[in-house]
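Step one of this worksheet: look at the structure below.
The values are calculated or read from the model by the stated rules, or taken from the named source; none is laboratory data. Predicted model only: the values in this text are computed from it and were never measured. When we count neighbours, we look across all protein chains shown, and the Cβ atoms used for this are built from the backbone with ideal geometry, even at glycine. Ligands, DNA and RNA are excluded from the accessible area calculation, which covers all protein heavy atoms including side chains. Shrake-Rupley method; radii C 1.70, N 1.55, O 1.52, S 1.80 Å.
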Amino acid sequence: MKLFYVLCIPVFFAACQQSGNEQKTPVVTDSLSVAIDNMRKDLAIKPSDAATRIFLANALIEQGNYAAADSQAAFLEKYPATLPNAFYIYGLSSLNRKDTATAITHLTKAIGLRKDSSEYEAVMLTGDLLLDKKEYNKALELYTLASRIDSTSAEASYAAAEVYNLQGKETQARQQYVQTLALDPAYSPAYIGLGNLLSKYGKWKEALPHYNMAAKADPTNADAFYLRGRALLTLGNQPAGIDDLTKALSFRKNFPEARQLLDSVKNQ
């Protein structure tokens, strides 16, 4: 799951400088703590500096000081221009507290205010959280929004395909996987998705080319080699199947399915 910052600029810009132009050797040696200290000093001089307050909130969350981050959000919440930022901060703070439900509520509010100008990572994150809760239609709406925000994103398109797949809408899933590959012909998971739509019905011969493409697109993708190996074994090509399963295990040491299948073949 991806995390995001409310603004996509690092919070460490003040790590090695004091407020204003004066530079001194900081007493605090931790760069994050130095940045927080400097931003607090800047806000004491310019309390209306929203950008610095947003950076500070991000830094406080990274530090684990969630209550202090929420207090920054409460300040930003007072003004319409920074209200979405406040909700983003509340959401990220809640997520780090493992309060997923509250995180979704705040992030959804922020996205609702900004719509197509929302941060891509925030939209994808919220979609992933909803997907984990099996709220498929809501997740799909956000992945679709993410695709509008970044029309080149194969990730968002693939996520939408996975939702269709989970909903049993195989025609839409297949079309979405194909669209994903039009955006990025090297997006290995989309080839795997197409292969799985076929192999679930025993169409191993038709699925094999998709697994071939997945392995070609990502030569270290353990899933691609496992699935191709399973297909090859089913189609009677035991040497090639064993070779693929062995490769899958070399890429992912802890891969019980591949290990079990490989051991069963070798023990025959």
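Report yes if S151 is surrounded by 23 or more Cβ atoms within 10 Å (Cβ to Cβ) and either aromatic (F, W, Y) or farther than 28 Å from K98 by Cβ (or both), otherwise no. Steps first, answer last, please.
On the way: surrounded by 23 or more Cβ atoms within 10 Å (Cβ to Cβ): no; either aromatic (F, W, Y) or farther than 28 Å from K98 by Cβ (or both): yes.
No; evaluated as a whole, the condition is false for this residue.
Identify all residues within the range 221-230 that are open to solvent by 40 Å² or more (accessible area, probe 1.4 Å) and in contact with a Ser or Thr (Cβ under 9 Å, 6 or more places away or on another chain); write none if there are none. It would help to see each step written out before you state the result.
As a first pass, look at the range 221-230 and keep what is open to solvent by 40 Å² or more (accessible area, probe 1.4 Å): 223, 228, 230.
Within the range 221-230, D223, R230 meet the criteria.
Is it true that some residue in the range 237-255 is crowded, with 19+ Cβ neighbours inside 10 Å and either touching a strand residue (DSSP E or B) at 6+ places or on another chain (Cβ under 6 Å) or under 20 Å from A190 (Cβ atoms) (or both)?
Yes: one or more hits.
Here is a check on your reading of the model: is G202 open to solvent by 30 Å² or more (accessible area, probe 1.4 Å) and either among the polar types (S, T, N, Q) or without any contact (Cβ under 8 Å) to a residue 60 or more places away in the chain (or both)? Break it down into steps so the answer makes sense when it comes.
Values: open to solvent by 30 Å² or more (accessible area, probe 1.4 Å): yes; either among the polar types (S, T, N, Q) or without any contact (Cβ under 8 Å) to a residue 60 or more places away in the chain (or both): yes.
Taking the combined requirement at face value, the residue satisfies it.
Identify the residue in the range 222-239 that is part of a helix (DSSP H, G or I) and among the aliphatic types (A, V, I, L, M) and, among all such residues, is nearest to Y158 (Cα to Cα). Spell out how you get there, then give the answer.
First, the residues of the range 222-239 that are part of a helix (DSSP H, G or I): 222-234, 238-239.
Of the ones still in play, those that are also among the aliphatic types (A, V, I, L, M) are 222, 224, 227, 231-233.
Numbers: A222: 19, A224: 16, L227: 19, A231: 23, L232: 26, L233: 28 Å.
Residue satisfying both the conditions and the ranking: A224.
Taking only pairs six or more apart or across chains, which ones have beta-carbon atoms under 7 Å, a first residue in the range 218-235 that is under 21 Å from Q268 (Cα atoms), and a second residue that is open to solvent by less than 40 Å² (accessible area, probe 1.4 Å) and outside any helix (DSSP H, G or I)?
What qualifies is Y226/F255.
Taking L233, is it under 27 Å from the mean Cα position of the chain (by Cα) and either crowded, with 21+ Cβ neighbours inside 10 Å or under 20 Å from G202 (Cβ atoms) (or both)? Even if it seems obvious, please write down each step before you answer.
On the way: under 27 Å from the mean Cα position of the chain (by Cα): no; either crowded, with 21+ Cβ neighbours inside 10 Å or under 20 Å from G202 (Cβ atoms) (or both): yes.
The answer is no for L233.
Does the range 106-119 include one or more residues that are open to solvent by less than 20 Å² (accessible area, probe 1.4 Å) and not in a helix (DSSP H, G or I)? Give the derivation first.
The initial filter retains those residues of the range 106-119 that are open to solvent by less than 20 Å² (accessible area, probe 1.4 Å), namely 107, 110-111, 118.
Then drop every residue that is not not in a helix (DSSP H, G or I), which leaves 118.
Yes, because at least one residue in the range 106-119 is open to solvent by less than 20 Å² (accessible area, probe 1.4 Å) and not in a helix (DSSP H, G or I).
Table: residues versus (1) hydroxyl-bearing (S, T, Y); (2) open to solvent by 20 Å² or more (accessible area, probe 1.4 Å).
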| position | (1), (2) |
| --- | --- |
| L56 | no, no |
| Y66 | yes, yes |
| S71 | yes, yes |
| Y79 | yes, yes |
| F87 | no, yes |
| D99 | no, yes |
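Can you pull out the residues in the range 198-221 that are in contact with a helix residue (DSSP H, G or I) (Cβ under 6 Å, 6 or more places away or on another chain) and part of a helix (DSSP H, G or I)? Outline the logic, then answer.
So the first thing to find is which residues in the range 198-221 are in contact with a helix residue (DSSP H, G or I) (Cβ under 6 Å, 6 or more places away or on another chain), and the list is 198-199, 204, 206-208, 210-211, 213-215, 217-218, 220-221.
Listed by number, the residues that qualify are L198, S199, W204, E206, A207, L208, H210, Y211, M213, A214, A215, A217.
For L60, indicate whether it is closer than 30 Å to L181 by Cα and in a helix (DSSP H, G or I). I'd like the intermediate steps shown before the answer.
Details: closer than 30 Å to L181 by Cα: no; in a helix (DSSP H, G or I): yes.
Answer is no for this residue.
Which one of these does A182 not meet: (1) within 18 Å of E155 (Cβ to Cβ); (2) touching a residue at least 12 places away in the same chain (Cβ under 8 Å)?
Against the list (1) within 18 Å of E155 (Cβ to Cβ); (2) touching a residue at least 12 places away in the same chain (Cβ under 8 Å), A182 comes up short only on (2).
Go through the residues of the range 82-98 one by one and say whether even a single one is modelled with pLDDT of 95 or more and outside any helix (DSSP H, G or I). First the steps, then the outcome.
The first filter runs over the range 82-98 and keeps only residues modelled with pLDDT of 95 or more, leaving 82-98.
Filter once more, so that each one left must be outside any helix (DSSP H, G or I): 97-98.
Taking every residue of the range 82-98 in turn, at least one turns out to be modelled with pLDDT of 95 or more and outside any helix (DSSP H, G or I).
Which members of the range 102-125 meet the condition of being under 18 Å from L140 (Cβ atoms) and of a type outside the set (D, E)?
Across the range 102-125, the qualifying residues are I104, L107, T108, I111, G112, K115, S118, Y120, A122, V123, M124, L125.
Identify all residues within the range 35-54 that are among the aliphatic types (A, V, I, L, M), crowded, with 16+ Cβ neighbours inside 10 Å and farther than 28 Å from K115 by Cα; write none if there are none.
Within the range 35-54, A35, I36, M39, L43 meet the criteria.
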